[in-house]
1. Taking segment A:300-309 only, how many residues are farther than 17 Å from A:Thr143 by Cβ and at pLDDT below 95?
2. If the requirement is being within 44 Å of the chain's Cα centre (by Cα) and either among the acidic types (Asp, Glu) or modelled with pLDDT of 95 or more (or both), which of these qualifies: A:Gly616, A:Gly659?
3. Looking at segment B:42-85, which of its residues are assigned to a loop (DSSP other than H, G, I, E, B) and either more than 10 Å from every other protein chain (Cβ to nearest Cβ) or touching a residue at least 40 places away in the same chain (Cβ under 8 Å) (or both)?
4. When you look at A:Ala162, is it surrounded by 16 or more Cβ atoms within 10 Å (Cβ to Cβ), closer than 22 Å to A:Leu266 by Cβ and not assigned by TED's automatic domain parsing to the domain that holds A:Leu452, yes or no?
5. Among the helices (runs of 4 or more DSSP H) lying completely within segment A:280-387, list those that include at least 1 residues that are within 14 Å of chain B (Cβ to nearest Cβ).
6. In segment A:237-245, is there at least one residue being outside any loop (DSSP other than H, G, I, E, B), in contact with a Phe, Trp or Tyr (Cβ under 6 Å, 6 or more places away or on another chain) and either free of Cβ contacts under 8 Å to residues at least 40 places away in the same chain or not β-branched (Val, Ile, Thr) (or both)?
7. For segment A:187-205, what are the residues that are within 15 Å of A:Ala242 (Cβ to Cβ) and over 60 Å from the mean Cα position of the chain (by Cα)?
8. Can you tell me which residues in segment A:403-416 are within 20 Å of B:Glu83 (Cβ to Cβ) and either facing chain B (nearest Cβ under 9 Å) or surrounded by 20 or more Cβ atoms within 10 Å (Cβ to Cβ) (or both)?
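The values are calculated or read from the model by the stated rules, or taken from the named source; none is laboratory data. A quick note: this is a predicted structure, and the numbers were derived from the prediction, not measured. Here the Cβ positions follow ideal geometry from the backbone for every residue, glycine too, while neighbour counts run over all protein chains shown.
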Amino acid sequence: MTILTSKPPSLYTSNKKLSVFPGNSRSFLRRRTMLFRYFAEINLLLGFWYLQWRVCHSLNYDALWLAVPLLLAEIYSYIGGVLFTLGMWRPIERETKPLEQMSPALPVSDWPTVDGFITCYNESATMVETTARAALAIDYPVTKLIVYILDDGNSPQMREMAQRLCLEDMQSPLLRAAAKQIQTELQELIDRLETLQLLIPDTHAAEKFLATAIAHNQTESLGTRFLQNFHQLLLLKEQKHATVQAQVQAEQERLKQAILQKQTELSGLARCRYIARPKPAGKPHHAKAGNINYAIFAGETTGKFIITLDADHIPKPQFLKHVLPYFVTYNSWNGKYESNRIALVQTPQDFSNLPPGDPYGHQAHLFYGPIQQGKDGLNSAFYTGTNAVLRREAIVNTGLKYFAQAYAQDETSLEEFDLIGGVSSSSITEDMNTAMRLHAAGWQSIYHNELLAIGLAPDDLSSTLQQRLRWAQGTIQVMTQENPLTKPGLSFWQRLQYFQTMYSYFSGFAMAVFLICPIVFFFTGTVPVTAYGNDFVRHFLPAFIFNRVTFLIIGWGIPARELWRSEQYALSLFPLFIQAVWSVISKRSIHFKVTPKERQSGIYFNLIKPQIIIFGFTILGMSWSLGLFILGQLSDPLVYLINAGWSIYNLSLLWSVIGAAMWQPKSTK
Amino acid sequence: MSSDVKVLQPVGILNATCANKLHEIISNSIQAKQTSILIDCAGIEFMDSMGLSCLIMSLKKVRTAGGSLALTNTNSQIRLLLEVAALEDSFKMKAESLVVIKTTNWKNESIFYLENL
């Protein structure tokens, strides 16, 4: 039992065993992809065979009101399977060399500047402090990383904490050494500038003297000749200046600039900063997107790259060194590293506070693993809002395009430029929409399958459901606003990836049909399929078995318990998915609700009424028919058996949310 | 609103770092009730997207304060960026403010340099 509950150690690429390969990064097809393709093809063929049998030979024309919904639900699921298989066709694994091991070497002075954005809303200052500390401790040159706490709650405690942390950080040996280094360099520059300034009058006099000497042809004396040669030598060094005086002045200017830069660097050593945007009442604030955009545009941040972290996601020290190499490409023509078109690198999310058995199904090794790798293989790795590094230029560039559109329609959008001009703000899942816009603008994304930050998951049902509802609503909202199938700029495969995700959120209706069908049979004897019997088993079983096997191949290495949990939640959240579709289509206003990070206490049966009702009726129906069977009044025991099997499957899937609603942490004494 | 037009002459590359400096100068000038601002772009060699967003932010601030912001001597690269963002008209001063420009003594004391990092 303990073996089952302990975490598998090797779900993510471990960087301990770095294999040797030429270049700085490589990618290859995910292991067992061929096996997956083989089984997936058979699965789809069998599924098709089953479906044509259902359409042509087994539709119950006497009960079309039940038969048609079931058939539609089955077709929906089949198409979902086809899309999923296509999306998983080319999953890739990547390996990169860390920043300092790249060959040819990238000098530390060329490493890009990075801003760490920690977004928070109403989280406790202690939680954010832990995250900020870890962010400051990221292994990266101290002059090139600044951590910003973007506090959307504008709390005095947070501000105080940021200031304290900033001071503390500046006292650290690393920072002190850096400050000393910069100060020495600064002093050197100032000294040189002073010397130069002393030289200026003399240079002027010397050149004047030389000019008169040449004019009067008095160049015979050794001193004058030497001066003339020396003058020419100096001019040869930098030919764009006509006189040495101009040269000296240019040098003076250059030194002044360098001094200014050193001074900026010195002030940049205050590495933990606090930004709380003004939130005037009565105006849209654009939630998390507004928070990030304000930080980008308000004029305080300048980093070339942005690492986004949710308040509770604690980064590991190697984060930047392992992720940044993706953003540069070596140009062998000029021997330099150059920026490429990678706009973002996403890393996995995992949680440190999951109770044993993960009752709320937060573990997402399937998504942060094969699914993201599949998306990555088709250049559409998703951005999921945290644990990712973004290229500022890409965000701003793409954001400006959409701002220009909004501005052309409505000049007043200028007022909120700093809230909408970067990361997409038009959906409550700003992350997905942003990635889609980046892809449409020709930028690329990467999924890096190494766990580089660990966060907290909501640990009660209410928050969990709230979070899932937001994802579902946001995704469908994006689809209605910017349909990936018609959005210009996306490749065919990217369209497919985005559409597949959106399509999957319509599953609520199909799931409801699957749950209701057996109940209807138990109470009325009505069946949607004419031939439950050998014929049914012959068509259904092979498709079902291959489907399971294919799923297991995809999830290879992920504990069976977790796969089962994710399957349970895919079905049992059906009311939530229906609600999400309904709320978007009926255009009821949708608000971004920040997922609470602290446990909300209580038992939540009221949140899962539909599931409980279905659960109850299923059990009732089974017992009712069992009673009939005992009394000898059940006409077709085999049909009963099939429906009972189906029901038990349904019940075991539904049990997850019911168990989660009852789940309480063991009280700590 | 003061009738003087403040002229800024940034020099160098307008990127994130320099943009922040421009931000600061414009905010200060708005605080000093100087809300008619002309940016002479003759010295700007290149402007990136952060530079452009800084101009938009400045426009926003100046407009909110009831003033106006205009650009002059824009090079082809800057014009292209403005065109793509469909913003080129927004940075022109209205006719009445143009009169103001003509009648104002141009003050060049506000020249500043943007360091090229």
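1. Matching residues across segment A:300-309 total 0.
2. Exactly one of A:Gly616, A:Gly659 is within 44 Å of the chain's Cα centre (by Cα) and either among the acidic types (Asp, Glu) or modelled with pLDDT of 95 or more (or both), namely A:Gly616.
3. Residues satisfying the conditions are B:Ala65, B:Gly66, B:Gly67, B:Asn73, B:Thr74, B:Asn75.
4. The answer is yes for A:Ala162.
5. Hits in segment A:280-387: A:287-297.
6. Scanning segment A:237-245, I find no residue that is outside any loop (DSSP other than H, G, I, E, B), in contact with a Phe, Trp or Tyr (Cβ under 6 Å, 6 or more places away or on another chain) and either free of Cβ contacts under 8 Å to residues at least 40 places away in the same chain or not β-branched (Val, Ile, Thr) (or both), so the answer is no.
7. The one that is within 15 Å of A:Ala242 (Cβ to Cβ) and over 60 Å from the mean Cα position of the chain (by Cα): A:His204.
8. Within segment A:403-416, A:Phe403, A:Ala404, A:Gln405, A:Tyr407, A:Ala408, A:Glu411, A:Leu414 qualify.
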